[in-house]
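Each remark here refers to the structure printed beneath this line.
Since every read-out is calculated from the coordinates, none of them should be taken as a lab result. Given the structure is predicted, the values throughout are model-derived calculations rather than measurements. Positions of Cβ are generated from backbone atoms using ideal geometry, with glycine treated the same way; all protein chains shown enter the neighbour counts.
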Amino acid sequence: MDDLSNASEDPAPGAIQHVALLSAGRPAASSLALAWKAARPELTVTGLGAPDALEAAEAAGAIDRKAASLDAAVAGADLVVLTGRLITALRRLEELASQLEPGTLVTDTGAVKRPITRHAAETLPGGVPFVGGHPVPATRAEAPPPSADAARFDGGTYFLCPPEADGGGEAELRERHPDLCALVEATGAERRVLPAARHDRLAATARDLPAFLSAALTEVASDEGDHAALRALMPPAYRSLVWGREGPSPETREELTGNEGPLLDALGRYVRALQTARRHLAAGDLDAALGLGDGGS
């Protein structure tokens, strides 16, 4: 499995030929590798992770080599991909700083972009570029698929957040890192290029704010009692927001903490909108309370 010397085509100069996948074995990470290898059979993927996770990734065809250490995983890599939890990715950046050759590209797959892009700029040496990444599946199931699937991100959106010092735009990204763009396209996802701060502001509004709303909705519902009647009356959208008392996962907690500033801003805007709606409703203007017509502008 390690011998890929019979590739039918010579690699293009500067093309990514060797990927180091850190925290390999997670279904999302293995799904990316499968999509990339389907499009680029000559690609070599080295995985680093827990032994049982690496066995599963190798059995799925997501990795070609299993590394026992970080330095072995990244040796000769053209692209290093940080996957898994935010706190792990931040620590990996510090460990990588002394191990990467100039020209090695580093990216990640996390849901929060400002902390990691900022830490990469502070930690990685000159000549080792970092481009933040966030692949999002087309459908967001409550329970993610337990196994790797090359089509996991097909039809979804793959956010890329290049450093603002590099221009931060689509044209600059494609000029500097065309092969990373090609790998993103190989997943079948739509590529969206955003500054890290803009990504996190949008994520706070679209993803993190509903998490906090669900906590408030759960508290309101619990205060009413008679949970069976409440569930019968709840529309599906409301029901999907109410967690119960278990709360978010440790990984989601890290993401919420990492995106604290934009989330606080989103919560403030939402509270102001609720206060405005309450005033309109108390004045008997239902359309304005619902944001309909001129009264909601």
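Hey, of (1) 20.0, 68; (2) 24.1, 83; (3) 22.1, 76, which did the structure itself give for Rg and Dmax of the Cα atoms in Å when calculated?
Step by step, Rg and Dmax of the Cα atoms in Å for this structure corresponds to label (3).
Working from Cα positions, state the angle (0 to 90°, nearest 10) between the long axis of helix 86-96 and the longest principal axis of the chain.
With rounding to tens, the tilt is 30 degrees.
In nanometres, what is the gap between the two model label sites at MET234 and ALA171, each 7 Å from Cα along Cα-to-Cβ?
Simple spin-label model gives 5.0 nm for this pair.
If amide hydrogens are placed 1.01 Å from N in the peptide plane, which non-local residues have theirs closer than 5 Å to the one on GLU190?
Here GLY155, GLY156, THR157, TYR158 satisfy the definition.
So the label point goes 7 Å from the Cα of ASP223 along Cα→C-beta, right? Which residues of segment 273-294 then have their backbone N under 17 Å from it?
Of the residues in segment 273-294, 274-275, 278-279 have backbone N under 17 Å from the label point off ASP223.
With each label point set 7 Å from Cα along the Cα-Cβ vector, what nm distance links SER249 and THR88?
With each label point 7 Å from Cα toward Cβ, the separation is 1.1 nm.
Hey, if you put +1 on the Cβ of every Lys and Arg and -1 on every Asp and Glu Cβ in the chain, which of THR123, GLY76, ALA138 ends up farthest toward the positive end of that dipole?
Working it through, the farthest residue towards the positive pole turns out to be ALA138.
Considering amide H positions built from the backbone, and no H for Pro or chain starts, which residues 5 or more places from GLY25, or on another chain, come under 5 Å of its amide H?
Correct list: SER30.
Evaluate the distance, in nm, between pseudo-label points positioned 7 Å from the Cα of ASP285 and of ARG192 along their respective Cα→Cβ axes.
3.2
Nearest 20 debye, what's the magnitude of the dipole of segment 63-159 about its Cα centre given +1 on Lys and Arg Cβ and -1 on Asp and Glu Cβ? Show your work: numbers first, answer last.
On the way: 10 positive and 11 negative charges, 61 e Å.
It works out to roughly 300 debye.
Can you give the helix-only mean residue ellipticity at 222 nm for the chain, where every DSSP H stretch with n ≥ 4 adds -39500 (n - 2.57) and the sum goes over all residues, rounded to the nearest 500 deg cm²/dmol? If you can, show how the numbers build up before the last one.
Details: 14 runs with 137 residues, N = 297.
That comes out to -13500 deg cm²/dmol.
Under a 5 Å amide H to amide H cut-off, with H placed in plane at 1.01 Å, what residues pair with VAL80 once short-range neighbours are removed?
For VAL80, the qualifying residues are ALA20, LEU105, VAL106, THR107.
How large is the dipole of segment 199-296 about the Cα centre if only Lys and Arg carry +1 and Asp and Glu carry -1, each at its Cβ, rounded to the nearest 20 debye? It would help to have the intermediate numbers written out before the result.
Working: 10 positive and 15 negative charges, 31 e Å.
Roughly 160 debye for segment 199-296.
Among DSSP bridges having both ends in the chain, what percentage is antiparallel? Round to the nearest 5. Don't skip to the end; give the middle numbers.
Values: 5 of 26 bridges.
Roughly 20 percent of the beta bridges in the chain run antiparallel, per DSSP.
Within 10 Å, count the other beta carbons around each residue, average over each peptide in 220-226, 185-191, 274-280, and list them highest first.
Details: 220-226: 11.0, 185-191: 18.6, 274-280: 13.1.
Result, highest mean Cβ count within 10 Å first: 185-191, 274-280, 220-226.
At 0.36 nm per residue, minus the direct Cα-Cα distance, what do LEU202 and THR276 gain on full extension? Give it in nm, one decimal, please. Walk me through the numbers before you get to the answer.
Working: separation 74, 0.36 × 74 = 26.64 nm, distance 2.22 nm.
That works out to 24.4 nm of additional length.
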